[in-house]
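Since the structure comes first, as structure tokens, the remarks are kept for the end.
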Amino acid sequence: MEEIDEPYNTNEGERSIHQLNLQKHLGKLSIDQQEAIQLRFWLNYDYETIVKLTKVPIGTVKSRISYGLKKLKKYLGGEYL
């Protein structure tokens with residue numbers, strides 16, 4: 001008897017679509033904002049580590065993340081953030 005594959009997990013499919021949408025909009029941010037957000041949320045680095053890597057003051061790192069997230073929220077219609 002032939003095995004039947006598990007039904008497609010719509011949560012995973014939806015998550016993939018949202019990730020692609022997020023990456024598309026992330027590309028609209030400045031390179032500095034993209035870098036700060038990716039280091040903080042994709043790589044889970046703390047602010048001090050990001051400061052050392054980027055060689056900018058902590059206030060600058062926090063501003064880049066804050067303004068970048070606000071722009072992403074606007075691009076995504078406030079739905080995902």
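General observations
- Residues that are among the aliphatic types (A, V, I, L, M), farther than 11 Å from Leu72 by Cα and part of a helix (DSSP H, G or I) within segment 24-47 comprise Ile31, Ala36, Leu39, listed in sequence order.
- A single entry from Ile37, Ile31, Ile4 fulfils the requirement of being more than 10 Å from the chain's Cα centre (by Cα) and at pLDDT 95 or above: Ile31.
- Complete set of residues in segment 39-81 that are within 15 Å of Gln23 (Cα to Cα), free of Cβ contacts under 8 Å to residues at least 24 places away in the same chain, surrounded by 14 or more Cβ atoms within 10 Å (Cβ to Cβ) and not aliphatic (A, V, I, L, M): Lys73
- Scope segment 7-28; condition among the aliphatic types (A, V, I, L, M) and at pLDDT below 70; matching residues: Ile17, Leu20
The values are calculated or read from the model by the stated rules, or taken from the named source; none is laboratory data. Bear in mind that the values here come from a model prediction, so they are computed numbers and not experimental data. Counting neighbours? That spans all protein chains shown, and the Cβs are built from the backbone with ideal geometry, glycine included.
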